[in-house]
Each structure stands twice: as structure tokens, then as C-alpha cells.
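The values are calculated or read from the model by the stated rules, or taken from the named source; none is laboratory data. In this text the structure is predicted, and so the values were computed from the model without any measurement. FYI the Cβ positions are ideal-geometry reconstructions off the backbone, even for glycines, and counts take in every protein chain you see.
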């Protein structure tokens, strides 16, 4: 009696274990087909309800007007045409969500009717045209507001004060004005985009502008470097118009400093354009900054001469010249001993405000040379010893007597060349705006 109930329990337990996987494992999705279990009962009323529900849904959507629906025992058969493949894929997903659908037989195809395909495109264009027509008043308001902001920025930038007062020179003032105009233009664009609700475009615009700016920066690197150097030079003002300077071995009068280059007029009358980046990094010798300038020259006297007496005579000669300044005092000293003479160096100071340096130095050389020769001090040239063998008697000749020294000449005019000064004044007013100013702070 006890064995039969035990056997019945074992059979029931085994049957439960066999049925367990079928209850707990999920149904597999078959690519758009409905999942889940299939009900046992099916009748005509449920098929009609499924069909009506699908037709109602498709009737409320665009592009499914030609789709037919048939339902038999929960199997939905779709026919007809749609406009594109996306509508076809959407149809499968939509029908599979309807309750009671067992299987979907999709026989719908993409239409090849040209008119049916072009009708939605024309409708979209008409809708967009209507949207733009309704959008035009708002766009006009945004453009008017942007124009007013830009106009206001231009008016503020054109004011002479306070920009001329804040900047050390007109070039920096113009940079400030440009920055103000640019700031107002950016504000105008931002406000206009905010009015039409397109502020998201601002990020795209700024990103594209940044990329373009980087590309242009590499392309015009030298130009940008010269522009920055122009700003720094206009602030530092290492020279003034008409100053005599030497830059990278080029000597001349300063004509102008523009946004790209510094222009010199050489003492030969030639224009020299030096890029500002080179000028900013170069060693600049300004001969005009200090009005007093020292000249020097060497003369070789006979090695047997009284060097002390030569020094005293040369010093008195320099001190007697009208264009040589008494302070700082002129000086004379033995510089070196040559092969056939002794080199004496003579120095003196002149003021460049009343005398031209080159003329003064040349005149000092002439006067000292003639004075030493007039006092009997020889200024010998290099002596070479030549050995002659079997020299014929007729070639022996008496040495010529030295030519008498010329009488001292009057001191010529030492003032700067007026014609060259007029040439400098005429040339420095041409071309671009000169960034140099006599009233700007001097370095």
C-alpha cells in the first residue's frame, strides 16, 4: 500500500521537471514577428477586431493608404505598396505590436509610380516654403536688431576719446577701435541667432572659425609676426622719424614705421625696407639719440719722429677746430707700431645738431695731416726693400726732392646738406600711416 503513492509522486515530479523549461525560457524574436504563446481559441470576431485595429492605425499615418490588410486565424497578410523601404520596415514593427497577431505575411512592395514618389517631395517643399514665409518677420526683426548693434559699435569705435587718450599712439588706438567693432559684430550675431532660436549654430560657427583661424595662422605666420612686432615697436619707439640708425648692417635715416616694415633712406638716397620682425629682434644703433658723437682716425708718422711732440701738435690742432667740442675733450695717443711707421689715433667730439658727422671727420683728417706735414713730420707709406742685381749705370738717378706741403685751406661748411634733409622730409610722408610719433614715449 505504501509503494503505490510513492510511485505516483515520482511520476508527477518527473512530469513537472519536463514541463519546467518550456515555462521559464523566453520566446525568441523572429525578426519582426510577434512572440509569446499562441492562444487556443480563435474566431472570426477576433480576426475582424485585429484587422480593424491595424486599418485604423495605418489610416492615421502617411504613406500607408495603398496597404491592404487580411486576417485569418491571427495570421495577418499585408498587401499593396509603400513609398520607400523605411516605411516597409516600420510596417512590420507596427503590426507585430497589435495583440492577437500570430504571424505576419508581408507582401507589400515599394511603389515605382513616379508621381507617387514626387508628391511627398513637393509637399515637403511647400511646407518649408510656408514655414519660411511665416519665419520672415522674425528674421527681419533679428537683422534689424543686429544692424543697430553693429551701427552702435561703429559709432563708439569712431570716437576720438577715450581711445586716443588711452593709447600711446594712433596705431594702438586703431587696434582698439577694430577690437570694439569686432566685439559689437559678435554681439550682433549672437543676439540675432537668439531671436530666431538658432543659438545652437553659434557653437558650429565658432568651431569652424577656430579651425579656419588655426589654418590661416600657419599660412600667414610671417605676416602675423610682423604685425605683432609693429605693435611692440610702436609702443617702444626705439627711434624717431629722421633718426640716423644702423639695423642689421643697413645705415640710413628713418622714414617710417608701418604695420609691415620699417623704411630707411640710406645716405646714398636708396630706400631700405626691413621687416618689422627683423627690426624687433635686431641690434639697433641709433646715432641721433645722443647729439654728441665721437669721430676717430689713424695717421702713421715716421718711426724716428718725436711721438710726444706729434701728440701735442695733433691735440692742439683738434682743439683749434671750431666744430670740435671742448667737452668731452679730444684725445691723441699712440695706437700701434706698424712695419714702417707708428700709428697715432686722433679722436674728437662733434655735435650733430650743427655739423654733419662725415664732413667734420673728413675735415679733421685733412687739417691734422697738413699740420703734421707742415711741421716736418713725415707720414711715410709702407716701405718695401727691392734687391736689384747688375743694375745698368744709366738707371741710377738722384732721388726726387719731396713735394712741398700745400698751404692749409680754410675750413669748409660743416652744416648738414639741406637738399638731403628736404629729401628725407618728402619721403617720410609717403605710403602708409607712420606709426612713429615725436610725442610718443621714447624707449
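The figures follow:
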item: Test result for residue 119, touching a helix residue (DSSP H, G or I) at 6+ places or on another chain (Cβ under 8 Å) and modelled with pLDDT under 75; result: no
item: Yes/no for residue 179 being modelled with pLDDT of 80 or more, surrounded by fewer than 16 Cβ atoms within 10 Å (Cβ to Cβ) and in contact with a helix residue (DSSP H, G or I) (Cβ under 8 Å, 6 or more places away or on another chain); result: no
item: Members of the range 301-325 that are surrounded by fewer than 14 Cβ atoms within 10 Å (Cβ to Cβ), closer than 16 Å to residue 364 by Cα and at pLDDT 90 or above; result: 312, 316, 319, 320
item: Qualifying residue in the range 120-127 (condition: surrounded by 11 or more Cβ atoms within 10 Å (Cβ to Cβ), under 48 Å from the mean Cα position of the chain (by Cα) and in contact (Cβ under 8 Å) with a residue 40 or more places away in the chain); result: no
item: Which listed residue, of 2, 77, 37, is surrounded by fewer than 11 Cβ atoms within 10 Å (Cβ to Cβ), more than 60 Å from the chain's Cα centre (by Cα) and modelled with pLDDT of 50 or more; result: 37
item: Of residues in the range 65-74 being touching a residue at least 24 places away in the same chain (Cβ under 8 Å) and within 14 Å of residue 102 (Cβ to Cβ), the one surrounded by the most Cβ atoms within 10 Å (Cβ to Cβ); result: 71
item: Residue list for the range 90-119, restricted to those being surrounded by 13 or more Cβ atoms within 10 Å (Cβ to Cβ) and part of a helix (DSSP H, G or I); result: 90, 91, 92, 94, 95, 96, 116, 117
item: Top-ranked residue in the range 43-64 [being in a loop (DSSP other than H, G, I, E, B) and surrounded by 15 or more Cβ atoms within 10 Å (Cβ to Cβ); ranked as modelled with the highest pLDDT]; result: 64
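The rows are residues; the columns are (1) touching a residue at least 40 places away in the same chain (Cβ under 8 Å); (2) assigned by TED's automatic domain parsing to the domain that holds residue 247; (3) part of a loop (DSSP other than H, G, I, E, B).
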| site | (1), (2), (3) |
| --- | --- |
| 301 | yes, no, no |
| 312 | no, no, no |
| 317 | yes, no, no |
| 325 | no, no, yes |
| 339 | yes, no, yes |
